[in-house]
Each structure stands twice: as structure tokens, then as C-alpha cells.
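So the structure is just underneath, and the comments pick up after that.
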Amino acid sequence: MNNGPRIQREKQTVEQMIRIYCAAHHGKVLCESCEELLRYAHKRLDYCVFGEEKSTCEKCPIHCYKPERKTQIKQVMRYAGPRMTYKHPILAIQHMLKNLKPAPEHPKNKKNKTM
Ligand code: SF4
Ligand SMILES: [Zn+2]
């Protein structure tokens, strides 16, 4: 299970984004459905195949989310992304910098190349 500093930071970022979204759309922090989404997103990060090498999930070549979860998280990102800049500027800047990095290669492909 992933537990490095980048993964921890990603967990904080996604949590803050879901909180911003929930407060604006459901008047809560957090409603049951958003809490489920958060748990799901954290679990994906726990088992992300890229680990500490990951880029942002938006740029991920495999995107491991189930279709309905993917739709939900996209809505959250679209709404909360621009608002992160003033609510959580440090996390937002780190996220933006990461988004500039090219998506890493799938670990399986990497292994095959070195063999
Ligand atoms: S979408 Fe991609 S980067 Fe994000 S957790 Fe899943 S595998 Fe990792
Ligand atoms: Zn909610």
C-alpha cells in the first residue's frame, strides 16, 4: 500500500476539493455521498500503480476509477479546481506543478523495456 509523502499530499488535495464541492452543492462538509467518494478516491491512491511517481489523476493514462466515480470526481475537480487557488494555495500550486509533468509510464511497460 502507498504511504509516501506525495500520496499523502494528493489525499489532502482531493479531500479539500471534495469538501469545497460538498459545501457548495450539498450544504454540508461532508455529506454521506461525498464521504463515500472521498473514501473511494483515497483507496485508489492507496493502491495507485504509479505510487510516488504518479502525475495527477487527470493526466493518468489508465485512470483506475469506475465510470460513475470518474464522472463524479470530474464534476468535483471542475468546480473545486479553480477555487483551490485561493482556499488552499500551496496544495493548488503543488498540484499545478505536478500537472505539468508528463504522465509516467505504466510500471509494467517499464519493466518489460529493461528486460
Ligand atoms: S487514476 Fe491513475 S494516477 Fe490516479 S490513482 Fe488511479 S492509477 Fe493512480
Ligand atoms: Zn456532498
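The values are calculated or read from the model by the stated rules, or taken from the named source; none is laboratory data. Keep in mind the model is a prediction, meaning the values are calculated, not measured. So basically every Cβ, Gly included, is an ideal-geometry build from the backbone, and we count neighbours across all protein chains shown.
Specify the residue that is nearest to ligand 1 (Cβ to nearest atom); the eligible residues are those in the range 47-73 that are among the hydroxyl-bearing types (S, T, Y) and farther than 17 Å from T13 by Cβ. Give the steps one after another, and end with the answer.
Residues of the range 47-73 that are among the hydroxyl-bearing types (S, T, Y), as a first pass: 47, 55-56, 65, 71.
Narrowing further to those that are farther than 17 Å from T13 by Cβ: 47, 71.
Details: Y47: 8, T71: 14 Å.
Out of the qualifying residues, it is Y47.
Is it true that C64 is within 13 Å of ligand 2 (Cβ to nearest atom) and either surrounded by 14 or more Cβ atoms within 10 Å (Cβ to Cβ) or on the phi < 0 side of the Ramachandran plot (or both)?
Considered against the rule, which asks whether it is within 13 Å of ligand 2 (Cβ to nearest atom) and either surrounded by 14 or more Cβ atoms within 10 Å (Cβ to Cβ) or on the phi < 0 side of the Ramachandran plot (or both), C64 comes out as no.
Residue-wise test of (1) assigned to a helix (DSSP H, G or I); (2) within 16 Å of ligand 2 (Cβ to nearest atom); (3) more than 12 Å from the chain's Cα centre (by Cα); (4) surrounded by 17 or more Cβ atoms within 10 Å (Cβ to Cβ).
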{"site": "S33", "(1), (2), (3), (4)": "yes, yes, yes, no"}
{"site": "K70", "(1), (2), (3), (4)": "yes, no, no, no"}
{"site": "I73", "(1), (2), (3), (4)": "yes, yes, no, yes"}
{"site": "Y86", "(1), (2), (3), (4)": "yes, no, yes, no"}
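Can you go through E52, E15 and tell me which one is under 24 Å from P89 (Cα atoms) and away from ligand 2 (no atom under 13 Å from the Cβ)?
Matching residue, one of E52, E15: E52.
Looking at G4 and the list (1) modelled with pLDDT under 90; (2) surrounded by 12 or more Cβ atoms within 10 Å (Cβ to Cβ); (3) more than 13 Å from ligand 2 (Cβ to nearest atom); (4) more than 12 Å from the chain's Cα centre (by Cα), which single condition is not satisfied?
Among (1) modelled with pLDDT under 90; (2) surrounded by 12 or more Cβ atoms within 10 Å (Cβ to Cβ); (3) more than 13 Å from ligand 2 (Cβ to nearest atom); (4) more than 12 Å from the chain's Cα centre (by Cα), the lone unmet condition for G4 is (1).
Give H88, H106 a once-over and let me know the one that is over 17 Å from V14 (Cβ atoms) and at pLDDT below 95.
Result of the check over H88, H106: H106.
Pairs under 6 Å by beta carbon, first residue assigned to a helix (DSSP H, G or I) in the range 1-21, partner of a type in the set (F, W, Y), six or more apart or different chains?
Cβ pairs passing all conditions: Y21/Y79.
Please state which of the following conditions R78 fails to meet, knowing it meets all the rest: (1) within 13 Å of the chain's Cα centre (by Cα); (2) of a type outside the set (S, T, N, Q); (3) within 17 Å of E10 (Cβ to Cβ).
Single failed check for R78: (3).
Give the residues of the range 16-48 that are among the β-branched types (V, I, T) and modelled with pLDDT under 95, sorted by residue number.
V29
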